[in-house]
1. Among THR343, THR366, THR409, THR359, which is the only one that is buried (at least 18 other Cβ atoms within 10 Å of the Cβ), of a type in the set (S, T, N, Q) and either under 14 Å from LEU282 (Cβ atoms) or free of Cβ contacts under 8 Å to residues at least 40 places away in the same chain (or both)?
2. In the range 613-622, which residues are at positive phi and outside any strand (DSSP E or B)?
3. Under 6 Å by Cβ, and 6 or more places apart or on different chains, what pairs join a residue from the range 129-143 that is closer than 18 Å to ILE105 by Cβ and charged (D, E, K, R) with one that is in a loop (DSSP other than H, G, I, E, B) and open to solvent by 20 Å² or more (accessible area, probe 1.4 Å)?
4. For the range 377-391, give me each residue that is in a strand (DSSP E or B), of a type outside the set (Asp, Glu) and over 29 Å from the mean Cα position of the chain (by Cα).
5. Answer yes or no as to whether ASP382 is of a type in the set (Asp, Glu) and open to solvent by less than 40 Å² (accessible area, probe 1.4 Å).
6. Out of curiosity, is ASP223 among the acidic types (Asp, Glu) and either within 12 Å of the chain's Cα centre (by Cα) or surrounded by fewer than 17 Cβ atoms within 10 Å (Cβ to Cβ) (or both)?
7. So in the range 648-697, with the set limited to residues that are surrounded by fewer than 19 Cβ atoms within 10 Å (Cβ to Cβ) and of a type in the set (Asp, Glu), which one is nearest to THR628 (Cα to Cα)?
Amino acid sequence: MNTPARIALTGIALLTMLGLASAAPSHSSGNSVSQPPARGGQIGPDIVAWNIAGGVSYQDIEYYGSADMNGDGVLYGGYAMATISCNWGDIPAGWYGGTNQAPLIAMNAYRLKQGRFEQIGISWLKHSFCALSESGCGTCQSTDCDTLGIGCADTYWAGLNQGGSGPRSVVNAYLGEYPYPFGLSNSGPGATRGNLVIANSDVEPSQNNGARYFFEGQYVCPDEAPWGNQFNNASWREVNFSSVGSVSHISATNVEPAIRSWKQINPNVVETDVMVPADGLLVCSALVTDLGNGMYRYEYALYNQNCHRSVGAFSVPIPQNATIENVGFHDINYHSGEVLDGTDWPGFVEPTGHVLWATQTYGENTNANALRWGSLYNFRFDVNAEPIEGQLELGLFRPGGDPQVLVSTVIPTGTFIDPCEQPLGDCPTDINGDYVVSVNDLLAVISEWGTCGDGTFRPASDVDDDCCVTVNDLLLVISDWGMTCAPVGACCLPDGSCLEVSVVDCEDADGSWNGQDTSCSWANCPQPGACCLDLENCQDMLEAECDLLGGIFRGQGTECASTDCGQSEYNDDCEEAWFATDGIIEFSTVSATTDGDEHSQCKWGGQTYNDIWFHYTASCSGTLVLSTCDTVDYDSDLVCYEGWDCNNLTFLGCNDDGSGCGGYSSYLEVPVVAGEPYTIRVGGWESGDAGSGTLLIECGGGD
């Protein structure tokens, strides 16, 4: 994606900023909302995160390695992603670098796993400078470097967003105010310092079967608050982790906070927006799951987009004398020397009939672990009470108005439910919950013999639904002797398909169970691929199975029918080049390194990054056509050489953007002689430009 503007500026930072022009304003540009909404009257400056993590045809997500940040043996990965802002307003937006009148850029990461939506990653802030009037998100009215013009875009690549220097603790995201200089510097290992930091265990595919991931970019803009335009600054995109160090986007950019994706995926989620008076936006999402036997699981995710007062307490009303189990909490850990406390909120059941979580008060600790802007916390418990519409209470952390706000959502009923009035579970004779009716269940009946419920509990061994343990319960256990039963959930099968079955049936089918009450609609089952067991033997299987057998996995979606295990696993280096013939070749540069030389004959710096290699023998004398035109998902480069000796190649030609080719794909023609050896190099325009697609090799007729 190359324009003459790339060489019009000097300085590495400015050159980097100019390197990415946005695509045309349409759904195919990679955005679910690609044009500003129609609004009457004057709008003011209105900055949105118009595109994140790259465009449709390229990826721009960087991984900087892993580090043990806390000295406890837990590894965390450092990441960064590209963000493209757009001014949807009708007044230029201030972008005064080196002052507190420039936008800040935040990065977040979330995971949906077994029905729970949690934040797993958070970054420091990029302090922006010098807005470039790029086209692509509207009719751009160009301005100078200190402002972003109306309808104009401005790109920060992943490499420019990495190593954020701004701490979140000093920012008022509602007003867009912050001190500059910041007064606090990031610290820690280079891989994670200031970056989007995620625990390796949260994204390692073998530990997160069926999980789905979402990256979010958010802008904090100093001059939007007077116009009330600071509520559309966060955008998300679904991504996939094929490994800890390999992540790519798999959806369009959605101009809204990532919490919205949970309800999109699961319509049973109840979503409530909460506008704190004279302050920012909170979003409370809730999901209630019927666990059977009168018990319900309540899961709340509370997201703070830009509420400066923040949240310090979360209180849910419950029936008096209700049975409460599995009270839980999840937050995101700050890093890189951020001064904010990370102490988990204790959760407990109050005698007044509430489940309450709270951090320290503002008076006790101004840096306490309040739910601050750009973060999401989770609150959960199980209770024997059905859901109804009601209100829970949020305690605001900072002073400045009413100390509480109410949230209309789903809560447990105010009337206590007699467990004996609830239906029995799917397998009541499995009393001890080991999924099989056996001697242990018989012993349970004997241990509770003669026990009857009193309105506050049901004996676990009551399996005939009369609320007492008698000979009838004993006989029912005997009649079901040896029967297996288990809760149902999504099961990922070895062929990549999914069934909603019990854990026992899933294991019998050699599948991987995602957990109770999970659904195939969000399971995201891994797909099989070609596994090279040796140079000649190949089997299609899942990556985990391939690893257990000591094989080499060639990637999800690959097939043994089109895989040559005799070739190197990956043609990353020239010495490991694959042999190619005329036709169409599928390829991927996702994990490729940069190995070849720069060539001054090639435009835009001369280097081809993240390159892979092919050896080819010309089938004709004439013109050899090499093309990735409209067949790749990133900004590609092509280079061709004469010869196969990697230390003595003769440069023939290169191409970055082919004429008439979309998505900055490539087209190259070079002269060749029949029977002579040639080497083909496929890569990307800049470091990090990598992806997959097909390469056309076509030799024309000779003279």
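The values are calculated or read from the model by the stated rules, or taken from the named source; none is laboratory data. Owing to the predicted nature of the structure, the values given are computational and were not obtained by experimental measurement. Every residue, glycine as well, gets a Cβ built from its backbone with ideal geometry; the counts of neighbours run over all protein chains shown. Quick note on the areas: whole protein, heavy atoms, side chains included, nothing else; ligands and nucleic acids left out. Shrake-Rupley method; radii C 1.70, N 1.55, O 1.52, S 1.80 Å.
1. The conditions single out THR409.
2. none
3. Hits for this filter: GLU134/ALA21.
4. Correct list: VAL383, PRO387, ILE388, GLY390, GLN391.
5. yes
6. No: the conditions fail for ASP223.
7. Selected residue: GLU669.
Residue-by-condition table, conditions (1) assigned to a strand (DSSP E or B); (2) surrounded by fewer than 19 Cβ atoms within 10 Å (Cβ to Cβ); (3) at pLDDT 85 or above:
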{"position": "PHE553", "(1), (2), (3)": "yes, no, no"}
{"position": "THR558", "(1), (2), (3)": "no, no, no"}
{"position": "ASP564", "(1), (2), (3)": "no, yes, no"}
{"position": "TRP604", "(1), (2), (3)": "no, yes, no"}
{"position": "ASP611", "(1), (2), (3)": "yes, no, yes"}
